[in-house]
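Have a look at the structure below, then the notes.
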Amino acid sequence: MTTAARKLGAERGPALAHGEFDVQRIRADFPILQKKIRGKPLVYLDNAATSQKPRAVIDALVRYYEESNSNVHRGVHYLSERATEEFEGARRTAQRFLNAASPHEIIFVRGTTEGINLVAHSYGRSHIGAGDEVLITGMEHHSNIVPWQMLCKEKGATLRAAPINDDGELIFEEFAKLLGPKTRLVGITHISNALGTVNPVRKIIELAHSRNVPVLVDGAQAVPHQSVDVQALDCDFYVFSGHKVFGPTGIGVLYGKSALLEAMPPYQGGGDMIRSVTFEKTVYNHLPYKFEAGTPDISGAIGLAAALDYITGIGLDKIAAYEHDVLEYATRAVSAIPGVRLIGTAREKAGVLSFLIGDVHPHDIGTILDQQGIAIRTGHHCSQPVMERFNIPATARASLALYNTKEEIDALVRGIGKVREVFA
Amino acid sequence: MSDLRDLYQDVILEHCKAPRNYREIPAADHKAEGFNPLCGDRFTVYLALDGDVIRDISFQGTGCAISKASASMMTQMLKGKTREEAEKLFGRFHDLVTGHAPASEEVELGKLAVFSGVSEFPVRVKCATLAWHTLQAALEGKQEAISTE
């Protein structure tokens, strides 16, 4: 934070603070939020697609390349030791962030998509066979559908999807019915990217475990909004992307329980994942390196750790409470506009407001809002089955982060007014 | 906000609300489906030819205001035109929406000129040209749905 910004935050202090949550001070940490778009202040409401980066993350990347850049796990020289230390420090930060039992349960991957593919390839191919079933839900992102579909096709297994109701909530009874003797794995999103629904993952995991079925949780949309404790959840795998939680693109985390990861074959072969190689035989490295072939995204991991430290410093519970308040405000304000229909009205929601305005196509909504400096996402949000469930081709989606304000929601409401004016 | 009005001209909004030739041609001798995966736009274009002349043309489907109005006005413009004239008009229209100088001045855009504002919105070019690409696919007798991606 610049001195000026810090001073500004301190001066505004209690007047703008939300309890102890001073959103203006947080905004000052994000350089891009000071930008104007088309001559208007940026109103960034596309956080479910990717989040903006605080100065702390940008600085961590620059500092790494200016002061520590080297390859990890190999060199005997100073920089290599330092880079290795920082990279492994990032792993411990991710471990603490998820409350994993051990740092070797944290595998660095490119993002949620790669994490799920890793589990599908490694765990899936060795545990799922002909006639078996993988159970997901009707609100999954394509990244938690397609890897399982590919696996099932290869193995002669069946992919089942538990249905959702008109509010966009998982129908738990239907899920329980589909969780049968053939189910070998459950894949479920923690929070839906298209609808904002928060799934009862603890309850789902308990039920699945009572039938000896392991559970993978897609946490891409959860970690920016609430604290996650993988031991309390007792999930078997948990996956998230760095860039959605204020870190860089190209880095993400797969958490897996030690016992499962130990028993799984490697995902990719190459350097770093081996202990010894001859042309006859390779002995694989121990965890987590067995799953990290090749030079990893070192700066990405360090940047991600800076992001996790940043939000942990603010407090995930405070972030969750603040965002809940803004989402409630947005829900009330947007649903009060004539002709607006909300898609996704679950009782437990976080971060996402998907909507339609009369019969105006979301793409037109997106263009008109963009002219006012308001960034939202329009389309199917990589969740075509969700769109099909609601019999719509697309939605307009405003998605929140800790730096969004009620004033920005007011700007969104005015923007929607403009859409209605154009299409009157 | 003048840019916005350049894009959403009244004629475009009017065609979006009341698209022309929005129907199936049961005896169509050419038809094709076009799909824009980015926004989920999906149109079917139907054609009935008389030799080389487009005797009847229609469309159905869902899409944004730009893609729907473009499809509607395309059907209006092309009725009675030859295949070659249709191709030329598409070329001219494509130049218009992508902001390129027209390759040839001989083709009259007529009321399609209302789409000139699209060139200021590069991500919307696919919307404006979806119906035309679908028309091309129909004329070429392509069986698979075409995609703008």
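The values are calculated or read from the model by the stated rules, or taken from the named source; none is laboratory data. Since this is a predicted model, take the numbers as computed values, not measurements. Cβ: placed from backbone, ideal geometry, glycine included. Neighbour counts: every protein chain shown. Areas reflect the complete protein model, heavy atoms only, side chains present, ligands, DNA and RNA absent. Shrake-Rupley method; radii C 1.70, N 1.55, O 1.52, S 1.80 Å.
Tabulated values for the structure
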item	result
Residue-averaged 222 nm ellipticity for chain A, from DSSP H runs of 4+ at -39500 (n - 2.57), nearest 500	-11500 deg cm²/dmol
Chain B - Rg (one decimal) and Dmax (whole number), Cα, Å	14.2, 47
Rounded Å value of the spacing that divides the Cα centres of the range A:315-371 and the range A:287-303	37 Å
Highest-MSF residue in chain B out of B:L78, B:L112, B:L38 [GNM, Cα springs under 10 Å]	B:L38
Highest-fluctuation residue, B:T134, B:T75, B:T98 considered, GNM on chain B with Cα pairs under 10 Å	B:T98
Square roots of 5 times each gyration tensor eigenvalue, C-alpha, the range A:297-353, largest first, Å	32, 14, 9
For chain A, convex hull of alpha carbons as volume per residue, Å³	148 Å³
The protein assembly as shown, accessible surface, carbon-and-sulfur percent (1.4 angstrom probe)	51 percent
Of the trypsin sites (Lys or Arg not before Pro) in the range A:142-183, those whose Cβ has at most 16 other Cβ within 10 Å and which sit in DSSP loop	A:K182
Violating pairs (Cα-Cα greater than 20 angstrom) within the set B:K68/B:K111; A:K203/A:K318; B:K31/B:K79; B:K68/B:K126; A:K40/A:K349	A:K203/A:K318; A:K40/A:K349
Solvent-accessible area per residue for chain A (1.4 angstrom probe, square angstrom)	41 Å²
For q = 0.10, 0.12 Å⁻¹, Debye-computed log10 I/I(0) when each Cα of the range A:264-368 counts as one equal scatterer	-0.62, -0.73
Mean separation of Cα contacts under 8 Å, 6 or more apart, over the residue count of chain B: relative contact order %	31 percent
Tail weight of P(r) past 24 Å, computed on alpha-carbon pairs of the range A:300-424, percent	34 percent
Projected-area mean, the range A:274-313, by convex hull of Cα positions, square nanometres	3.5 nm²
Length added when fully stretched, A:E280-A:S126, from 0.36 nm per residue minus Cα-Cα	53.2 nm
Bins of 5 Å from zero: percent of alpha-carbon pairs in the range A:103-239	2, 10, 22, 25, 23, 13, 4, 1, 0
Residues with amide H under 5 Å from that of B:D29, placed H, sequence gap 5 or more	B:L47, B:A48, B:L49
Amide H contacts of A:G111 (H built 1.01 Å from N, under 5 Å, at least 5 apart or other chain)	A:G252
Projected area averaged over orientations for the range A:235-316, convex hull of C-alpha atoms, nm²	6.3 nm²
Derived scalar couplings ³J(HN,Hα) [the range A:63-75; Karplus, 6.51 cos²θ - 1.76 cosθ + 1.60; whole Hz; x for Gly, Pro]	4, 4, 6, 7, 10, 10, 4, 5, 7, 9, 6, 10, x
Part-to-part distance (alpha-carbon centres) for the range B:1-56 and the range A:92-130, which is given in Å	47 Å
Highest-MSF residue in chain A out of A:V386, A:V62, A:V245 [GNM, Cα springs under 10 Å]	A:V62
